[in-house]
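Let me begin by presenting the structure, written as structure tokens, before commenting on it.
The values are calculated or read from the model by the stated rules, or taken from the named source; none is laboratory data. Nothing here was measured: the structure is a model prediction, and the numbers come from that model. We place every Cβ from the backbone using ideal geometry, glycine too, and count neighbours over all the protein chains shown. All accessible areas refer to the heavy atoms of the entire protein, side chains included, with ligands and DNA or RNA removed. Shrake-Rupley method; radii C 1.70, N 1.55, O 1.52, S 1.80 Å.
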Amino acid sequence: MHLVSYVGLAGIAVAIVAQPVRADVVKITAVEIQPTASGAEIVLKTTANESPQVFTSSFGKTFVANVVNTQLQISDRNNLRQINPVKGFAAVTVSEAGANSLRIVVTGETELPKVRVRQSENGLVLSATTSTTTATQPPSSVEPVTKPPASEIQPGVTTPQSEVPPIEGEAQQLTPTTEGEEQEIVVTGEQETGYRVPDSTTATKTDTPIRDVPGNIQVIPRQVIEDQGAVRINDVLRNVSGVNFSTDAGGRSPTYNVRGFEANQFKNGLREDRQFNTRTYPETANIEQIEVLKGPASVLFGQAQPGGIINFTTKRPLPEPFYQIDFTAGSYDFYRPTLDFSGPLNSDGTLAYRLNAAYEHAESFRDFVSTERYFIAPVVTWRISPNTSLTFEGEYLRDRRPIDRGLVAVGDEVADIPLSRFLGDPSYEQEMDEFRSYLYLDHRFSENLSLRTALRYTSSKEIYNSVEANELEADDRTLLLARYFGGQYYETYTLQNDLTWKFNTGAIAHTLLFGVELARQTGRYFEDAIAAESPSIDIFDPDYESVFNFPYSLEPDTAYNGGKVSSDTIAVYLQDQIAFTDNLKLVLGGRFDSFDSEERYPNDPTLNVDTETSEFSPRVGIVYQPIQPISLYANYSRAFIPQTGRLTGGGAVEPEIGEQYEVGVKGEFLDGRLASTLAFYDITKSNVLTDDANNPDPDFSIQVGEQQSKGFEFDVSGEILPGWNVIASYAYTDAEITADNTYTVGNRLNNVPFNTASLWTKYTIQSGSLAGLGFGAGIFYVDSRAGDLDNSFTVPDFTRVDAAIYYERDNFKAALNFKNLFDVEYFEGVQSRTQAIPGAPFTVQGTVSWQF
């Protein structure tokens, strides 16, 4: 299907659904928090006798009401917060939860408050009481604060859902009544957060509803991660269309494909380069949600592959005390305790902290393989003033495991040997240590002008000592091994500044973003060595004794030992989000990057490489909303990727360029609880280095290679009925080589399936004696994939089925996850003929959790 056809389909959709836009958002003109004789009362005043919709839930001693389809229409948009308004209440807070919703949080001192909701003549009233409430205390002062749920407004960070208590619950539609007529809502037990996240900053670096973004962005919230019992990013990303695991270099930094190309990874909007600062698997203990932005993202994030980016958003301090301890145990001696503590550090709540920590030990279905991990991540936020906040975040991760590259290919398929077979010597391990520190400053000059600054330092150290697959001999059973020993050390420094200005030109509204980014990355190799001789192993009948006891003699790798690499980036970007009307929006943006890198090898200067390039990356997108729940969009964007090499005839190597055309439609259903995205795209990557047919020297190349990916995707997530959540996806991806001298034109891009699909759903009983009992089930399908760019072998398709049982009561939760329920043999990823990574067989994982 061609792009012209996609545009035609979008045009038909416009014609079908076009009708006037409904103005159904309730305007809140005033907010009052008032102590009463029986407790506290929160009043939301409206301009007319309108009836907003309210979702309720509880969280330990905290009651939450999420009032949807509402907007604050007051001059001061700061939050309202009272500390200890009367006896029995720890705090009452009213805040903006998104573009069209408010969140009311009422926390009791010793128990869950009882809250009644009623519609008065001029607004919505929530009356809260506890058993210890008295009316002896005078009203306390109302303290305006800035918007804490937005992670203190970090660059590239979406509002974390666990920033405040969960908001999902049964919707209560209030009808206009006379003053004093009440509808009582009593919440018992803890309700789960939903699967739908309405807002994200990843696509625009501004607080923009996803429905207003002219692109495909999917967000996986913390609730999905917990429900699926996922401790690795691989298990989480399978929920997103067009995303699949590629490889992990033997248990090190994993890579993923999005729309057929490798996806660059970010954390809180800052690049997580797999060479410089991500040497091992990312830790999920402090991940709040994962956002996948499809298509080229260089306009805001710089050098990146054209398929898309993955952004990890971390947890932030909570406004009220929160303590949670989890313990997970499972098949193959897997056990993992974690803790998550948070709350204020002083009486007025201007200083708050969060601490996440995890320890993990696991054996494996892979013979002789075991891993051990330590992780700790403290965060402290200081609200200096109502308009200024400062956040410090730190992370330390230590990971120890052998390098395990999986199985090897024989002929046109993966060798028919047990998936558990380890082809090497696991007694040699690698040790990885990663340290990250972040400093975020958010300052609001006025209601319409704000500055966001992020400063980051990271270091990563890897000591590798491995015996691994090298090459399969002609007999298709004798695998030559190789032993490597050495280390690498990397550091990164990043400074990012974003200035956001909201203004109008006549009736047209603008949100202007101006950003500057400075980044430096350095690395060095030390003690590089390789074995002068290494053993071999029979893949069908391995003799491990000869492998384990082989007498190695190491020789220094004179070429790379002492080598140093570095790169510097200076970037400036500008973006304007233009709202011509409430239902017609345009996004224009551009970024200029200057990139320099060098590699120096004192023992072999012939390997020295210098790269210097600059590139402009534009983006234009448009959104039209013919009716309130439907958004039609189209975009054009470019990406660039610096590369190194030697060109025939000399000259500088140009960066690879990716260009994308995309159209799509987004829909919101069931009063906004369910959201979907259908997208069609066409991506071309050019300037790919390839062999020069006229030059036999393999060290020289020409830039005539081209790769293309086109297809369509569908995602849906949200709540169908109270307690029934779903997240599902389907993608068709046609990714191939369209010009090359090294590989055959028409070959499939490696590890890119034509079809992928996923469905995960969970239902929790909401009332009665079985309230809190839940069930989950999922099915994940991945089509067959080419194992390498030569298309010399194929990895077969697979369908994996998971299931889960949950029970929640008060502050206790237990879960039992069954993964790969039917014990299907499959391969998670593949990179080459010696790197086919098998998936785990049937496993059981149990988790118990306490909150206090």
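A few notes on this one:
- Residues (of a type in the set (A, V, I, L, M), under 31 Å from the mean Cα position of the chain (by Cα) and open to solvent by 50 Å² or more (accessible area, probe 1.4 Å)) located in the range 517-551: LEU518
- Close pairs from the range 260-288: first touching a residue at least 12 places away in the same chain (Cβ under 8 Å), partner among the acidic types (Asp, Glu), Cβ under 6 Å, at least 6 apart: GLN265/GLU272; PHE266/GLU272; THR278/GLU272; ARG279/GLU462; THR280/ASP399
- Scanning the range 642-660 for residues that are out of contact with any Leu (no Cβ under 7 Å at 6 or more places or on another chain) and open to solvent by less than 30 Å² (accessible area, probe 1.4 Å) turns up PRO642, LEU647, PRO655, GLU656, ILE657, GLY658, GLN660.
- Restricting attention to the range 465-480, the residues being open to solvent by 10 Å² or more (accessible area, probe 1.4 Å) and part of a strand (DSSP E or B) number 8.
- Test: residue in the range 744-767 that is open to solvent by less than 10 Å² (accessible area, probe 1.4 Å) and touching a helix residue (DSSP H, G or I) at 6+ places or on another chain (Cβ under 6 Å): yes
- Residues (under 30 Å from VAL848 (Cβ atoms) and open to solvent by 20 Å² or more (accessible area, probe 1.4 Å)) located in the range 820-837: LEU821, PHE822, ASP823, VAL824, GLU828
- Only a single criterion out of (1) in a strand (DSSP E or B); (2) among the aliphatic types (A, V, I, L, M); (3) surrounded by 20 or more Cβ atoms within 10 Å (Cβ to Cβ) is not satisfied by LEU451, namely (3).
- Of the listed requirements (1) open to solvent by less than 10 Å² (accessible area, probe 1.4 Å); (2) more than 30 Å from HIS361 (Cα to Cα), ARG196 misses just one: (1).
Results for (1) in contact with a Gly (Cβ under 6 Å, 6 or more places away or on another chain); (2) in contact (Cβ under 8 Å) with a residue 24 or more places away in the chain; (3) outside any strand (DSSP E or B), shown as yes or no for each residue.
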| position | (1), (2), (3) |
| --- | --- |
| ALA777 | no, yes, no |
| ASN791 | no, yes, yes |
| THR799 | no, yes, no |
| ASP802 | yes, yes, no |
| GLU808 | yes, yes, no |
| LYS813 | no, yes, no |
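- Scanning the range 709-731 for residues that are assigned to a strand (DSSP E or B) and open to solvent by 40 Å² or more (accessible area, probe 1.4 Å) yields a total of 7.
- Filtered by the rule that a residue be surrounded by 23 or more Cβ atoms within 10 Å (Cβ to Cβ) and not hydrophobic (A, V, I, L, M, F, W, C), the range 269-278 gives GLY269, ARG271, ASN277, THR278.
- Qualifying residue in the range 432-443 (condition: assigned to a loop (DSSP other than H, G, I, E, B) and within 30 Å of the chain's Cα centre (by Cα)): no
- So GLU462, is it at pLDDT below 95, open to solvent by 30 Å² or more (accessible area, probe 1.4 Å) and in contact with a Lys or Arg (Cβ under 9 Å, 6 or more places away or on another chain): no
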